[in-house]
1. Could you grab the pairs with beta carbons closer than 9 Å, sequence gap of 6+ or different chains, first residue in the range 89-101 and modelled with pLDDT under 95 and of a type in the set (D, E, K, R), second one surrounded by fewer than 14 Cβ atoms within 10 Å (Cβ to Cβ) and not in a strand (DSSP E or B)?
2. Run ARG81 past the list (1) modelled with pLDDT under 95; (2) under 17 Å from ARG34 (Cα atoms) and report the number of the one that doesn't hold.
Amino acid sequence: MMIDVLRRETGEDGGDEPSVTAFGGAEDIGSLARSHGGDVDLEVSGTVRPLSAAAGHAAYRITQEAITNALKHCGGPVSVRIAYREEEVELSIENTLCGGARPGPPGGGFGVPGMRERAEFLGGRITVGPAGDGVWRVCAVLPAPVGAGR
């Protein structure tokens, strides 16, 4: 099912769906982080460059879901790191582990399975869980070769 959603969002189904950029791309992650005020810290390393529409959208949505989950379940602060490399982009979203879930709005999204499907659809990988150093970490690595942007 999620693959069908991704195909519609990227136009791979031949339909007239809006382009991926209408939904947010990697270039919008800074705005996403700022929209949460001081609860989200953003660090970017490497040479920032345009990603393919599909990779940019996946990066945005994975980051969005990870921030939402962190704030919903444990509160801030949340650290978002984006590392641009020669053949990939790595997203690392971390927050301090907490003792229990905080009440929040009812879920309705695809959560961790959706993040995993987005990454794998592009040939990437994702790990989600305790990092052993007192933090919860979502780490996604998406293929993003130089020159593959829009």
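1. none
2. Failing condition for ARG81: (1).
Quick grid of which residues meet (1) under 16 Å from LEU142 (Cβ atoms); (2) among the polar types (S, T, N, Q); (3) at pLDDT below 85:
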position	(1), (2), (3)
MET2	yes, no, yes
THR10	yes, yes, yes
ASP13	no, no, yes
PRO18	no, no, yes
GLY30	no, no, no
GLY37	no, no, yes
VAL40	no, no, no
HIS57	yes, no, no
ALA66	yes, no, no
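The values are calculated or read from the model by the stated rules, or taken from the named source; none is laboratory data. Source: prediction; values computed, not measured. Please note: Cβ atoms are built from the backbone with ideal geometry, for glycine as well, and neighbour counts cover all protein chains shown.
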